[in-house]
Amino acid sequence: MTYKAAVLKKNVELVIMFPFVVLGKLAGNLFPLKPQRNIFLFFASADIGGSIKVNADITECIRDKKPVIIFSKRPKNNQFRSLFEMEGVRIIDLHKYIDYKIYHFVNFFF
């Protein structure tokens, strides 16, 4: 791919994604998180593994700041989910909303 083609592709993608970004910002203003949160942690899932334990340790360190944890992939076993369930931490499983191909366009929104 040439540089010109890459720039054109990027600009086309930005134009196509713009309405979804506007909808996301509108939804964020209409349905704000209560209470307001300043820290968002994005993790794939809570399956068994070393990196998941590190993620749980990070969450443990900042739990007083009341972070939001967003799991983005469908878990295979979810055995370490209990490590993330602590007071003040909100957990959102995005895979419940974005893993369905019938309304795949929702992925852009999230």
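The values are calculated or read from the model by the stated rules, or taken from the named source; none is laboratory data. These figures come from a predicted structure and were not determined experimentally. So basically every Cβ, Gly included, is an ideal-geometry build from the backbone, and we count neighbours across all protein chains shown. These area figures cover heavy atoms from the full protein model, side chains too; ligands, DNA and RNA do not enter into them. Shrake-Rupley method; radii C 1.70, N 1.55, O 1.52, S 1.80 Å.
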Q: Working only within the stretch 5-51, note down all residues that are of a type in the set (A, V, I, L, M, F, W, C), under 30 Å from L83 (Cβ atoms) and free of Cβ contacts under 8 Å to residues at least 24 places away in the same chain.
A: F31
Q) Taking only pairs six or more apart or across chains, which ones have beta-carbon atoms under 7 Å, a first residue in the stretch 58-87 that is farther than 19 Å from L33 by Cα, and a second residue that is in a loop (DSSP other than H, G, I, E, B) and open to solvent by 100 Å² or more (accessible area, probe 1.4 Å)? A) N77/I48; Q79/I48; F80/I48
(Q) With modelled with pLDDT under 85, β-branched (V, I, T) and over 21 Å from Y97 (Cβ atoms) as the only criterion, which of I52, I58 stands out? (A) I52
